[in-house]
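**Q** Below is one structure. I have some questions about it.
The values are calculated or read from the model by the stated rules, or taken from the named source; none is laboratory data. Bear in mind the structure is a predicted one, so any value in this text is a computation, not a measurement. Cβ placement follows ideal geometry from the backbone for every residue including glycine, while neighbour counts extend to all protein chains displayed.
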Amino acid sequence: MRHLPTRTSRTTRRRVVGALATGLLCAAGVTAPAAVAAPPAPEPATSPAATAQEASPTLADGLAATPPMGFNNWNSTHCRAEFNESMVKGIADLFVDKGLKAAGYQYVNLDDCWALPQRDANGKLVPDPVRFPHGIKAVADYVHSKGLKLGIYTSAGTKTCSSIGFPGGLGHEYSDAQQFADWGVDYLKYDNCNNQGVDAKQRYRTMRDALKATGRPIVYSICEWGSNKPWEWAADVGHLWRTTGDISDSWGSMLSLMKQNLPLAPYAGPGHWNDPDMLEVGNGGMTATEYRTHFSMWSVMASPLLIGTDLRKASAETLDILSNREVIAVDQDPLGKQGTVLSSEGGRWVVDKEMQDGSRVVALFNESGSPQRIATSAHAVGLPDADAYTVRDLWQHQSYNTAGTVSATVPAHGTVLVRVSADEKWAANPPAVELGLGGTPFVEAGKPAALTTSVTDLGRTPARRVSVALSGPAGWSVEPSSPTDTDAVPTGKALTTSWTVTAPAGTATGAYDLSLRATYRSPTGTRAASVLPLTAHVVVAPPAGASSLGDLPWLSTTNGWGPVERNTSNGESAAGDGHPISIGGVVYAKGLGVHADSAVEYYTGGSCARVTAHVGVDDETGARGTVAFEIWADGKKVTSTGVLTNTDAAQALSADVSGAQVVRLVVTDGGDGVDYDHADWGDAVLTC
């Protein structure tokens, strides 16, 4: 079961309640070998004042002036046999052939399992002769011949994080660092498993000094999982540090790590970066929209961009996302500012990043499961007063003018990423328009549903010859009941169109794609188009009376670890691996098992009155875990608990949801991270 949710780069993640040995923080749980060099004594504890002073110095070696970009094999291969010399060389070839090197990617990094399980008679690391028959130096030479750089992995402990447990660097720092330098290694990822309880600062500083002693420039990645707040002390230790546990290829995992990393913007800058872990783009667990959000937000946060998918199998869509140079330029901006959160109410996020040229990059990110209008202004993001501004859409690769408003209707889990500048040449661009949706995108098969669309001119100039079209899946009826075109839409005004949408009788429940498209011209005749992808949900009206939410279909789910479970606890990462729901020793036959951060949405169609449940931390986490529960109705929070721990009995929770179209059950992490945050909605009932 996932109690320490992301504290390792390994696949072995099981934590047995009460059996986690002191000092062995990683899932592998390997004990120290009989003979190991004695680690140095821990440093004395530092005062808060000393910690603050340590945060300001940085390494003066000129490395990682912008966030490192490259590849790491772990997310796609783990320790499988396909991770070998041939694969690594193939990735280097693809960096060149697919234009990734030209886009800025340069590090080809090996993760765990590259070595033999034992050192040689001289205490040296030995590359696995099956995986790497020509050794690591030969691989480094090949990578270097492509104009690229090679990275390697070990752990700041007696063993690495793999369940096999390869030799770690604790007590062997200077010898290992010299081997890496002799091989031509350019980047070291230093993990945190099997650390024997030795002080983190001591362990990571020792390897820093060992790397420096080699005389070779090696980027130093501190993979400490954020356990000891490295952002407060590691600026003069490493070039980047993990702020979170491991990512997994799911929306909930990516979202949780993003939320943990965003508040740490003050600690990032040239040569010292916050690292919310590697990219999952292309690994199949998220949609293309979600992967674009992943790439956008990592870039806005000035995060390292380490590709985690097997590029030999990458689709054209995956390569398009990873090679978007306009988005990469956001990440690689030499000013080195991490984006900061301006607002996040109701899951509608506005994140702003200052750029070296004075422009601002704005991410309008929609956390929710339905389209949302998200808005800010040029003034709010720090731009000077101007007659108008240029807005560059970094995914559409189009420029527009705006009178000052920066807004969009953003699809579920989507991000609109724009670069805004006070540009004197704004009038050369067509006006920005915002496409909007009114009404609820919920359709009962065979019954007409009413939707309203809008095309609003945000520009300083009018939009002329405006026309709009709404399209749906094959066989659906989509008919306008008001005009779909107009000669002009002035600044701040809108063309509003009513539509009747009907899914054929017998259409299965689920999500279906719609598309809203507007075309128009600027006053100078420049043609422009804007497209808003939408999702319509074919739904069934909830039954009358009291129904268990563990048995009803949901619209969408987000979960911090694994899937939301019906009528069992969260369990491990696979579907159906939970246990009976149990809070404070009381077992509940029905309900939902989730892991913070979590959200489960239900269609209630305006016909339901109340949600009730007994909520708390599941007993499977032992004495650990802190969560808080919320119930939302049509985007408004209607009730919540305080922070609950595993020592608390189940709390009764009830909310009036009368008239709501959508009810959302939310679990947050209680403010202290998501470790052990298995949460239960016991006996959750919807009354309609």
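**Q** Which one is surrounded by the fewest Cβ atoms within 10 Å (Cβ to Cβ), of the residues in region 625-639 that are among the aliphatic types (A, V, I, L, M) and over 18 Å from residue 252 (Cβ atoms)? Steps first, please.
**A** First, the residues of region 625-639 that are among the aliphatic types (A, V, I, L, M): 627-628, 631, 633, 638.
When the remaining residues are screened for being over 18 Å from residue 252 (Cβ atoms), the result is 631, 633, 638.
Working: 631: 25, 633: 21, 638: 18.
Only one residue tops the list, namely 638.
**Q** Moving to a separate point now. I need the full set of residues from region 181-203 which are without any contact (Cβ under 8 Å) to a residue 60 or more places away in the chain, aromatic (Phe, Trp, Tyr) and crowded, with 24+ Cβ neighbours inside 10 Å, in order please. Walk me through how you get there before you give the answer.
**A** Here is the first cut: in region 181-203, the residues without any contact (Cβ under 8 Å) to a residue 60 or more places away in the chain are 181-185, 188, 190, 200.
Next cut, aromatic (Phe, Trp, Tyr) only: 183, 190.
The one that is without any contact (Cβ under 8 Å) to a residue 60 or more places away in the chain, aromatic (Phe, Trp, Tyr) and crowded, with 24+ Cβ neighbours inside 10 Å: 190.
**Q** Which condition breaks for residue 474 when tested against (1) in contact (Cβ under 8 Å) with a residue 60 or more places away in the chain; (2) under 29 Å from residue 288 (Cβ atoms); (3) outside any strand (DSSP E or B)?
**A** (1) is the only condition that residue 474 fails.
**Q** Looking only at region 290-312, filter to residues that are in contact with a Pro (Cβ under 6 Å, 6 or more places away or on another chain) and more than 23 Å from residue 79 (Cα to Cα); which one of those is surrounded by the fewest Cβ atoms within 10 Å (Cβ to Cβ)?
**A** First, pick out the residues of region 290-312 that are in contact with a Pro (Cβ under 6 Å, 6 or more places away or on another chain): 302-304.
Now restrict to residues that are more than 23 Å from residue 79 (Cα to Cα): 302-303.
On the way: 302: 25, 303: 27.
Per the stated criteria, the residue is 302.
**Q** Exactly one condition in (1) without any contact (Cβ under 8 Å) to a residue 40 or more places away in the chain; (2) more than 21 Å from residue 69 (Cβ to Cβ) is not met by residue 134; state its number.
**A** Tallying (1) without any contact (Cβ under 8 Å) to a residue 40 or more places away in the chain; (2) more than 21 Å from residue 69 (Cβ to Cβ), residue 134 fails exactly one: (1).
**Q** In this structure, does residue 486 turn out to be among the β-branched types (Val, Ile, Thr) and either part of a loop (DSSP other than H, G, I, E, B) or free of Cβ contacts under 8 Å to residues at least 40 places away in the same chain (or both)?
**A** Working: among the β-branched types (Val, Ile, Thr): yes; either part of a loop (DSSP other than H, G, I, E, B) or free of Cβ contacts under 8 Å to residues at least 40 places away in the same chain (or both): yes.
When the stated conditions are applied, residue 486 passes them.
**Q** Okay, next question. Would you mention how many residues in region 236-268 are of a type outside the set (Ser, Thr, Tyr), within 18 Å of residue 156 (Cβ to Cβ) and either in contact with a His (Cβ under 7 Å, 6 or more places away or on another chain) or at pLDDT 95 or above (or both)? Break it down stepwise before answering.
**A** Quick first cut of region 236-268, residues of a type outside the set (Ser, Thr, Tyr) only: 236-242, 245-247, 249, 251-252, 254-255, 257-266, 268.
Among the residues that remain, those that are also within 18 Å of residue 156 (Cβ to Cβ) are: 236-242, 245-246.
Filter once more, keeping what is either in contact with a His (Cβ under 7 Å, 6 or more places away or on another chain) or at pLDDT 95 or above (or both): 236-242.
Result for region 236-268: 7.
Each row is one residue, and each column tells you yes or no for (1) at negative phi; (2) at pLDDT 95 or above; (3) in contact with a Leu (Cβ under 7 Å, 6 or more places away or on another chain).
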| site | (1), (2), (3) |
| --- | --- |
| 605 | no, no, no |
| 627 | yes, yes, yes |
| 638 | yes, yes, no |
| 647 | yes, no, no |
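**Q** Listed residues 208, 242; which is in contact with a strand residue (DSSP E or B) (Cβ under 7 Å, 6 or more places away or on another chain) and surrounded by 24 or more Cβ atoms within 10 Å (Cβ to Cβ)? Walk me through how you get there before you give the answer.
**A** Values: 208 fails: surrounded by 24 or more Cβ atoms within 10 Å (Cβ to Cβ).
Going through 208, 242 in turn, just one is in contact with a strand residue (DSSP E or B) (Cβ under 7 Å, 6 or more places away or on another chain) and surrounded by 24 or more Cβ atoms within 10 Å (Cβ to Cβ): 242.
**Q** Please work out if residue 386 is assigned to a loop (DSSP other than H, G, I, E, B) and over 25 Å from residue 332 (Cα atoms). Can you show your working first?
**A** On the way: assigned to a loop (DSSP other than H, G, I, E, B): yes; over 25 Å from residue 332 (Cα atoms): yes.
Against the criterion (assigned to a loop (DSSP other than H, G, I, E, B) and over 25 Å from residue 332 (Cα atoms)), residue 386 qualifies.
**Q** Could you pull out the residue among 65, 21, 49 that is of a type outside the set (Ser, Thr, Tyr) and either touching a strand residue (DSSP E or B) at 6+ places or on another chain (Cβ under 9 Å) or at pLDDT 50 or above (or both)? First the steps, then the outcome.
**A** Values: 21 fails: either touching a strand residue (DSSP E or B) at 6+ places or on another chain (Cβ under 9 Å) or at pLDDT 50 or above (or both); 49 fails: either touching a strand residue (DSSP E or B) at 6+ places or on another chain (Cβ under 9 Å) or at pLDDT 50 or above (or both).
Just one listed residue meets the conditions, 65.
**Q** Just checking, which of 535, 456, 497 is among the β-branched types (Val, Ile, Thr), closer than 16 Å to residue 411 by Cα and surrounded by 17 or more Cβ atoms within 10 Å (Cβ to Cβ)? First the steps, then the outcome.
**A** On the way: 456 fails: closer than 16 Å to residue 411 by Cα; 497 fails: closer than 16 Å to residue 411 by Cα.
Of the residues listed, the single one that is among the β-branched types (Val, Ile, Thr), closer than 16 Å to residue 411 by Cα and surrounded by 17 or more Cβ atoms within 10 Å (Cβ to Cβ) is 535.
**Q** Specify which of the listed residues (576, 622, 642, 605) is surrounded by fewer than 21 Cβ atoms within 10 Å (Cβ to Cβ) and under 26 Å from the mean Cα position of the chain (by Cα). Talk me through it step by step, then tell me what you get.
**A** Numbers: 622 fails: under 26 Å from the mean Cα position of the chain (by Cα); 642 fails: under 26 Å from the mean Cα position of the chain (by Cα); 605 fails: under 26 Å from the mean Cα position of the chain (by Cα).
Every option except 576 fails the conditions.
**Q** In addition: Contact list please: Cβ distance under 8 Å, first residue in region 74-86 and closer than 13 Å to residue 114 by Cβ, second residue assigned to a helix (DSSP H, G or I), pairs at least six apart or on different chains.
**A** Pairs that qualify, where the first residue is closer than 13 Å to residue 114 by Cβ and the partner is assigned to a helix (DSSP H, G or I), are 77/87; 83/77; 85/138; 85/139.
**Q** Out of the residues in region 234-268 that are among the hydroxyl-bearing types (Ser, Thr, Tyr) and outside any loop (DSSP other than H, G, I, E, B), state the one that is farthest from residue 559 (Cα to Cα). Spell out the reasoning first.
**A** Taking region 234-268 first, the residues among the hydroxyl-bearing types (Ser, Thr, Tyr) are 243-244, 248, 250, 253, 256, 267.
Among the residues that remain, those that are also outside any loop (DSSP other than H, G, I, E, B) are: 253, 256, 267.
Values: 253: 7, 256: 9, 267: 28 Å.
If we take residues in region 234-268 being among the hydroxyl-bearing types (Ser, Thr, Tyr) and outside any loop (DSSP other than H, G, I, E, B), then 267 is farthest from residue 559 (Cα to Cα).
Conditions (1) out of contact with any strand residue (DSSP E or B) (no Cβ under 8 Å at 6 or more places or on another chain); (2) closer than 26 Å to residue 652 by Cα; (3) outside the structural domain of residue 470 (by TED's automatic domain parsing), marked per residue:
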position	(1), (2), (3)
535	no, no, no
557	no, yes, yes
562	no, yes, yes
574	yes, no, yes
581	no, yes, yes
585	yes, yes, yes
593	no, yes, yes
598	no, yes, yes
601	no, yes, yes
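**Q** A follow-up question, please. Please enumerate the residues belonging to region 256-274 that are farther than 16 Å from residue 333 by Cα and surrounded by 24 or more Cβ atoms within 10 Å (Cβ to Cβ).
**A** Hits for region 256-274 are 256, 257, 261.
**Q** Mind checking which residues of region 211-220 are surrounded by fewer than 21 Cβ atoms within 10 Å (Cβ to Cβ) and in a helix (DSSP H, G or I)?
**A** 212, 213, 214, listed by residue number.
**Q** Could we say that residue 129 is in contact with a helix residue (DSSP H, G or I) (Cβ under 9 Å, 6 or more places away or on another chain), in contact (Cβ under 8 Å) with a residue 24 or more places away in the chain and not aliphatic (A, V, I, L, M) here?
**A** Details: in contact with a helix residue (DSSP H, G or I) (Cβ under 9 Å, 6 or more places away or on another chain): yes; in contact (Cβ under 8 Å) with a residue 24 or more places away in the chain: no; not aliphatic (A, V, I, L, M): yes.
It is false that residue 129 is in contact with a helix residue (DSSP H, G or I) (Cβ under 9 Å, 6 or more places away or on another chain), in contact (Cβ under 8 Å) with a residue 24 or more places away in the chain and not aliphatic (A, V, I, L, M).
**Q** Return the residues of region 107-131 that are crowded, with 19+ Cβ neighbours inside 10 Å and not aliphatic (A, V, I, L, M); say none if nothing qualifies.
**A** 107, 109, 111, 112, 113, 114, 127, 131
**Q** Does region 473-494 include one or more residues that are within 22 Å of residue 409 (Cα to Cα), at pLDDT below 95 and of a type in the set (Gly, Ala, Ser)?
**A** no
**Q** Taking residue 96, is it closer than 19 Å to residue 324 by Cα and part of a helix (DSSP H, G or I)?
**A** Details: closer than 19 Å to residue 324 by Cα: yes; part of a helix (DSSP H, G or I): yes.
Here the answer is yes, as residue 96 does meet what is asked.
**Q** Next up: Kindly indicate the residue of region 609-619 that is of a type outside the set (Val, Ile, Thr) and buried (at least 24 other Cβ atoms within 10 Å of the Cβ) and also farthest from residue 685 (Cα to Cα) among those meeting that condition. Write out each step before concluding.
**A** Our first condition is that a residue be of a type outside the set (Val, Ile, Thr); within region 609-619, this holds for 609-610, 613-614, 616, 618-619.
Still in the running and buried (at least 24 other Cβ atoms within 10 Å of the Cβ): 613, 616, 618.
Numbers: 613: 6, 616: 16, 618: 18 Å.
Ranking the candidates gives 618 first.
**Q** Given the conditions (1) surrounded by fewer than 20 Cβ atoms within 10 Å (Cβ to Cβ); (2) farther than 30 Å from residue 619 by Cβ; (3) among the β-branched types (Val, Ile, Thr), which single one is not true for residue 557?
**A** Among (1) surrounded by fewer than 20 Cβ atoms within 10 Å (Cβ to Cβ); (2) farther than 30 Å from residue 619 by Cβ; (3) among the β-branched types (Val, Ile, Thr), residue 557 violates only (2).
**Q** Which one of the conditions (1) within 24 Å of residue 411 (Cα to Cα); (2) not in a strand (DSSP E or B) does residue 542 fail to meet, given that it meets all the rest?
**A** (1)
**Q** Let me ask something else. State yes or no: is residue 381 surrounded by fewer than 23 Cβ atoms within 10 Å (Cβ to Cβ), touching a Pro at 6+ places or on another chain (Cβ under 9 Å), modelled with pLDDT of 95 or more and among the aliphatic types (A, V, I, L, M)?
**A** Details: surrounded by fewer than 23 Cβ atoms within 10 Å (Cβ to Cβ): yes; touching a Pro at 6+ places or on another chain (Cβ under 9 Å): no; modelled with pLDDT of 95 or more: yes; among the aliphatic types (A, V, I, L, M): yes.
Answer is no for this residue.
**Q** Across region 647-665, what is the total count of residues that are surrounded by 21 or more Cβ atoms within 10 Å (Cβ to Cβ) and within 14 Å of residue 586 (Cβ to Cβ)?
**A** Of the residues in region 647-665, 1 are surrounded by 21 or more Cβ atoms within 10 Å (Cβ to Cβ) and within 14 Å of residue 586 (Cβ to Cβ).
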